[in-house]
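> Below is a structure I'd like to ask you about.
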Amino acid sequence: MGRTSRKRHRKKKFHMQKLKSEENDAMNFLKYWLFQNCFSISNFIPTNFPITGRGLKTIRDIKEHEILIKLPIKMLITTFTVSECDVRILFLKDQSYNAQHILSVFLIYEEHLGTSSKWYPYINSLPQYFSTPEFCTSKEKKLLPNFIREHMYYVHNIVRNFSLLMQSLQTLKKNDKNYCSHCNIPLDKIITFKKYKWAYYVVNTRSVYINEREVQDSMIKIESPNNLALAPFLDLFNHDINASVSVSLITDEYKNKFYQITTLKSFEKNSQVFINYGPHNSLKLYIDYGFFIPNNPLDEVVFNIFDIQSCVTLSECALKFIVSNKFNKNMTFTRNGLNYNAIIALFIASTTLEKDFWNIKIYGTSFSSEDHTKIHNLAIQILHLKKKEYLSYLNDMNNIKKCSQSFLNALSLIREYIQILDESLKNI
Ligand SMILES: C[S@@+](CC[C@H](N)C(=O)[O-])C[C@H]1O[C@@H](n2cnc3c(N)ncnc32)[C@H](O)[C@@H]1O
């Protein structure tokens with residue numbers, strides 16, 4: 001190993017940090033509890049890594065196609081687990097619920113049981129804070145660009161889900177059944193919006209996909225797909241776009257079932273082991289998991305028909321052609337320039353050719369250098385417009401002095417989009 005490489009190695013090691021003692025105790029307790037339940041983790045040490053935060057370090061080389069983890073299925077928390085607990089009274093018989101909601105309510109209830117909960121070692125190991133946009137302060141949320149806010153409310157309607165829960169509580173109250181059988185505290189004191197938000201994002205950021213067939217029937221009416229499960233310890237793996245894994249449910253010779261993850265890539269001793277949460281772009285990663293990875297090849301800056309119309313007057317015929325052929329759906333700037341829909345829409349928007357020639361140009365002969373120049377010029381105008389828009393988001397957002405980690409991530413995401421626009425400009 002050369003001097004520079006040794007230095008780099010030392011630096012890397014220096015940045016990797018042991019967990020704080022409280023967190024470490026929680027992890028040891030979790031490992032001990034899993035061991036008692038027939039699951040031993042000997043290869044991994046939960047560690048604080050720079051950038052990714054807590055993750056799993058391997059204490060030995062891992063070869064490609066090796067099994068990373070084989071968790072007994074009885075250790076997964078599914079809707080069936082919930083239906084067997086006291087908390088099932090919170091689900092009304094004539095109402096159906098989604099799996100994420102059911103698991104969230106379960107977590108709140110079990111968390112309030114403290115050490116009396118069978119799942120305490122797991123719940124005690126969970127993070128208390130998430131950096132998804134929902135965890136921005138209300139002042140910060142108002143400054144988030146619309147494309148983040150709309151996406152966030154569209155995908156995660158936690159206010160609606162929480163109101164369902166309040167309906168159940170009202171019904172229980174009417175029947176004088178709204179007291180916890182464990183501590184006699186009214187359930188509406190235990191289940192607050194703050195707790196619900198925490199539990200919802202535990203499920204959102206940590207649950208694994210499980211085939212619906214594997215979840216046994218329960219007394220609760222559950223909306224399909226019922227395919228979420230919480231997986232203690234296994235949920236400590238962080239995501240990397242270059243990681244590649246295969247997931248399977250296997251049965252051993254004694255008919256015990258396991259949730260197994262196999263890595264298709266190798267890992268060096270003492271490095272962080274990653275899995276892959278799926279082909280997600282940065283916006284999805286930020287909204288669902290509260291982080292993103294720079295230089296994600298799946299990232300693009302979207303523009304719409306109004307952006308085109310801000311730069312050029314579209315004839316009614318051109319507008320109709322673009323919209324009816326759905327070229328306006330998903331027009332983007334990528335790091336390499338324009339995507340296919342964008343090229344076609346900008347061709348239609350900028351050409352002086354008669355309509356009869358459009359299809360021949362698009363599907364037949366290639367564009368002439370004059371066509372390219374027109375597409376290019378219009379693209380640059382739209383790109384500058386988008387850059388101005390993103391810079392103005394940054395400008396407004398920079399007014400917040402002391403901000404949450406979640407808001408800081410939103411700021412970095414916008415900077416990332418500006419970088420994509422700059423790279424795109426070089427390649428259009
Ligand atoms: C399934 S958990 C992984 C374990 C988690 N880091 C912990 O401390 O418990 C998913 C969460 O880990 C974090 N995470 C995962 N991969 C990451 C990455 N590559 N960079 C930054 N944070 C990451 C995000 O907060 C995400 O919501």
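> Only one of these is within 16 Å of the ligand (Cβ to nearest atom), within 37 Å of the chain's Cα centre (by Cα) and modelled with pLDDT of 95 or more: GLY290, GLY337. Name it.
Exactly one of GLY290, GLY337 is within 16 Å of the ligand (Cβ to nearest atom), within 37 Å of the chain's Cα centre (by Cα) and modelled with pLDDT of 95 or more, namely GLY290.
> Considering segment 267-280 alone, what residues qualify as being under 28 Å from ILE77 (Cα atoms) and either touching a strand residue (DSSP E or B) at 6+ places or on another chain (Cβ under 7 Å) or acidic (Asp, Glu) (or both)?
GLN272, VAL273, PHE274, ILE275, ASN276, TYR277 - these are the residues of segment 267-280 that are under 28 Å from ILE77 (Cα atoms) and either touching a strand residue (DSSP E or B) at 6+ places or on another chain (Cβ under 7 Å) or acidic (Asp, Glu) (or both).
> Only one of (1) within 26 Å of the chain's Cα centre (by Cα); (2) surrounded by fewer than 18 Cβ atoms within 10 Å (Cβ to Cβ) is not met by ILE69, so which one is it?
Against the list (1) within 26 Å of the chain's Cα centre (by Cα); (2) surrounded by fewer than 18 Cβ atoms within 10 Å (Cβ to Cβ), ILE69 comes up short only on (2).
> Considering segment 277-302 alone, what residues qualify as being part of a loop (DSSP other than H, G, I, E, B), touching a residue at least 40 places away in the same chain (Cβ under 8 Å) and among the aromatic types (Phe, Trp, Tyr)?
Answer for segment 277-302, where residues must be part of a loop (DSSP other than H, G, I, E, B), touching a residue at least 40 places away in the same chain (Cβ under 8 Å) and among the aromatic types (Phe, Trp, Tyr): PHE291, PHE292.
> Under the condition of being hydroxyl-bearing (Ser, Thr, Tyr) and in a loop (DSSP other than H, G, I, E, B), which residue from segment 132-146 is nearest to ALA26 (Cα to Cα)?
The extreme case among them is THR132.
> Right, something else. Keeping to segment 262-287, report how many residues are among the small types (Gly, Ala, Ser) and under 11 Å from the mean Cα position of the chain (by Cα).
So the count comes out to 2.
> Sticking with this structure for a sec: Kindly check whether there is at least one residue in segment 319-327 that is within 18 Å of ILE428 (Cα to Cα) and either surrounded by 17 or more Cβ atoms within 10 Å (Cβ to Cβ) or at pLDDT 95 or above (or both).
Among the residues of segment 319-327, not one is within 18 Å of ILE428 (Cα to Cα) and either surrounded by 17 or more Cβ atoms within 10 Å (Cβ to Cβ) or at pLDDT 95 or above (or both), which makes the answer no.
> Something else: From the set of residues in segment 213-235 that are assigned to a helix (DSSP H, G or I) and surrounded by 12 or more Cβ atoms within 10 Å (Cβ to Cβ), which is farthest from the chain's Cα centre (by Cα)?
Among those that are assigned to a helix (DSSP H, G or I) and surrounded by 12 or more Cβ atoms within 10 Å (Cβ to Cβ), it is GLU214.
> If we scan segment 332-346, do we find a residue that is touching a Pro at 6+ places or on another chain (Cβ under 9 Å) and surrounded by fewer than 17 Cβ atoms within 10 Å (Cβ to Cβ)?
Checking segment 332-346: not a single residue is touching a Pro at 6+ places or on another chain (Cβ under 9 Å) and surrounded by fewer than 17 Cβ atoms within 10 Å (Cβ to Cβ).
> Right, next: Has segment 286-309 got at least one residue that is touching a helix residue (DSSP H, G or I) at 6+ places or on another chain (Cβ under 7 Å) and among the small types (Gly, Ala, Ser)?
Checked against the condition, which is being touching a helix residue (DSSP H, G or I) at 6+ places or on another chain (Cβ under 7 Å) and among the small types (Gly, Ala, Ser), segment 286-309 yields at least one hit.
> Against the condition surrounded by fewer than 19 Cβ atoms within 10 Å (Cβ to Cβ), more than 24 Å from GLU212 (Cβ to Cβ), of a type outside the set (Gly, Ala, Ser) and within 16 Å of the ligand (Cβ to nearest atom), how does GLU150 come out, does it pass?
No; evaluated as a whole, the condition is false for this residue.
> Out of the residues in segment 171-184 meeting the condition of being in contact (Cβ under 8 Å) with a residue 40 or more places away in the chain and over 15 Å from PHE91 (Cβ atoms), tell me which one is farthest from the ligand (Cβ to nearest atom).
Step by step, filter segment 171-184, then rank; the result is SER181.
> Okay, moving on. Take segment 297-313 and flag every residue that is crowded, with 19+ Cβ neighbours inside 10 Å and either under 25 Å from the mean Cα position of the chain (by Cα) or within 16 Å of the ligand (Cβ to nearest atom) (or both).
Residues satisfying the conditions are ASP299, GLU300, VAL301, PHE303.
Each row is one residue, and each column tells you yes or no for (1) outside any loop (DSSP other than H, G, I, E, B); (2) touching a Gly at 6+ places or on another chain (Cβ under 9 Å); (3) in contact (Cβ under 8 Å) with a residue 60 or more places away in the chain; (4) within 16 Å of the ligand (Cβ to nearest atom).
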{"site": "LEU71", "(1), (2), (3), (4)": "yes, no, yes, yes"}
{"site": "THR81", "(1), (2), (3), (4)": "yes, no, no, no"}
{"site": "GLU111", "(1), (2), (3), (4)": "yes, no, yes, yes"}
{"site": "GLY114", "(1), (2), (3), (4)": "yes, no, no, no"}
{"site": "PRO121", "(1), (2), (3), (4)": "yes, no, yes, yes"}
{"site": "PHE130", "(1), (2), (3), (4)": "no, yes, yes, yes"}
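> Have a look at LEU30, LEU34 and point out the one that is within 14 Å of the ligand (Cβ to nearest atom) and under 19 Å from LEU236 (Cα atoms).
Of LEU30, LEU34, the one residue that is within 14 Å of the ligand (Cβ to nearest atom) and under 19 Å from LEU236 (Cα atoms) is LEU30.
> Every residue in segment 352-367 that is within 29 Å of ASP299 (Cβ to Cβ) and either touching a residue at least 40 places away in the same chain (Cβ under 8 Å) or crowded, with 16+ Cβ neighbours inside 10 Å (or both), please.
Matches in segment 352-367: ILE362, PHE367.
> Filter segment 50-65 down to the residues that are over 18 Å from GLN128 (Cα atoms) and crowded, with 17+ Cβ neighbours inside 10 Å and list them by number.
Once the filter is applied, which keeps residues that are over 18 Å from GLN128 (Cα atoms) and crowded, with 17+ Cβ neighbours inside 10 Å, segment 50-65 yields LEU56, LYS57, THR58, ILE62.
> If you don't mind, there's one more thing I want to ask. Which one of these is touching a residue at least 60 places away in the same chain (Cβ under 8 Å), away from the ligand (no atom under 15 Å from the Cβ) and surrounded by 17 or more Cβ atoms within 10 Å (Cβ to Cβ): VAL105, VAL87?
VAL105
> Could you tell me which residue of segment 201-212 is farthest from the chain's Cα centre (by Cα), considering only residues that are modelled with pLDDT under 95 and either in a loop (DSSP other than H, G, I, E, B) or within 11 Å of the ligand (Cβ to nearest atom) (or both)?
For segment 201-212, the residue satisfying everything is ASN211.
> Being at pLDDT below 95, in the same structural domain as VAL245 (by the TED database) and at negative phi narrows it down to one residue among TYR120, TYR97; which is it?
TYR97
> Separate question: Name the one entry in LEU283, LEU264, LEU228 that is outside the structural domain of TYR417 (by the TED database), within 15 Å of the ligand (Cβ to nearest atom) and over 20 Å from MET75 (Cβ atoms).
LEU283
> Checking the condition touching a His at 6+ places or on another chain (Cβ under 7 Å), of a type in the set (A, V, I, L, M, F, W, C) and surrounded by 15 or more Cβ atoms within 10 Å (Cβ to Cβ), which residue from ILE190, ILE210 passes?
Exactly one residue qualifies, and that residue is ILE190.
The values are calculated or read from the model by the stated rules, or taken from the named source; none is laboratory data. Because the structure is predicted, anything quoted here is derived from the model rather than measured. With ideal geometry, Cβ positions are generated from the backbone for all residues, glycine too; neighbour counts draw on all protein chains shown.
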